[in-house]
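The block underneath contains the structure these notes are about, expressed in structure tokens.
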Amino acid sequence: MSNDFQIDDADRAIVEQLRLNGRATNQQIANTLGLTAATVSARIRRMEDANKLRVVAVSDFSAHGYNVLMEVAIEVDGRPAIDVIEELVQFPEVFAAHLVTGRYDIDILVALHDFDELPDLFLNKFGKIPGIRSMVPAIAVDVIKYKFDVAPIDAREEV
């Protein structure tokens, strides 16, 4: 697909409908927007093919028994941070991992069922990874915003 792919108002409206209800059928979206189901289907496929849209399921942490959400800032020493993060992402508790700038080298997000899992995670799992100099955990005490539509489709003028 060419680099001149343009998202228009109809595409934005389809994406918004999917954000509101990811299970909506093409016909339901079409009825809401005054389009045909075939048009909705073709536009979704076109956006997916151009890597402009990906429809995914997002599960709720607490519904699966995860009661502890935590961010861990990690300082690396004596080893490339990319090597350390590649080991960290192998643990199922780690659901997001980022190489970052600033005081720390790595930032990970962790979900645990219970606080009783902390010692095993830090001492027996993360603690055995060579190159980790320090870890600073920050436990989420409340979730204020939890949205996955973090890549808004904006109409931008070509510069």
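The values are calculated or read from the model by the stated rules, or taken from the named source; none is laboratory data. Everything numeric here is computed off the predicted structure, so don't read it as measured data. Quick reminder, even Gly has a Cβ in these numbers, built from the backbone with ideal geometry, and neighbours come from all protein chains shown. Quick note on the areas: whole protein, heavy atoms, side chains included, nothing else; ligands and nucleic acids left out. Shrake-Rupley method; radii C 1.70, N 1.55, O 1.52, S 1.80 Å.
Some observations on this one:
- If you filter region 1-46 down to residues that are part of a loop (DSSP other than H, G, I, E, B) and of a type in the set (Gly, Ala, Ser), you find that the one that is nearest to the chain's Cα centre (by Cα) is 22.
- Across region 114-143, the number of residues qualifying as over 22 Å from residue 60 (Cβ atoms), open to solvent by 70 Å² or more (accessible area, probe 1.4 Å) and either part of a loop (DSSP other than H, G, I, E, B) or touching an Asp or Glu at 6+ places or on another chain (Cβ under 7 Å) (or both) comes to 2.
- Within region 57-81, being open to solvent by 50 Å² or more (accessible area, probe 1.4 Å) and without any contact (Cβ under 8 Å) to a residue 60 or more places away in the chain holds for 57, 59, 60, 62, 63, 64, 66, 67, 77, 78, 79, 80.
- Which listed residue is open to solvent by less than 50 Å² (accessible area, probe 1.4 Å) and in contact (Cβ under 8 Å) with a residue 24 or more places away in the chain, from 37, 13, 50, 30: 50
- Residues located in region 1-10, provided they are at pLDDT 85 or above and surrounded by fewer than 15 Cβ atoms within 10 Å (Cβ to Cβ): 6, 8, 9, 10
- Within region 84-99, tally of residues that are open to solvent by less than 60 Å² (accessible area, probe 1.4 Å) and either β-branched (Val, Ile, Thr) or free of Cβ contacts under 8 Å to residues at least 12 places away in the same chain (or both): 3
- Summed over region 100-113, residues that are among the small types (Gly, Ala, Ser) and surrounded by fewer than 17 Cβ atoms within 10 Å (Cβ to Cβ) total 1.
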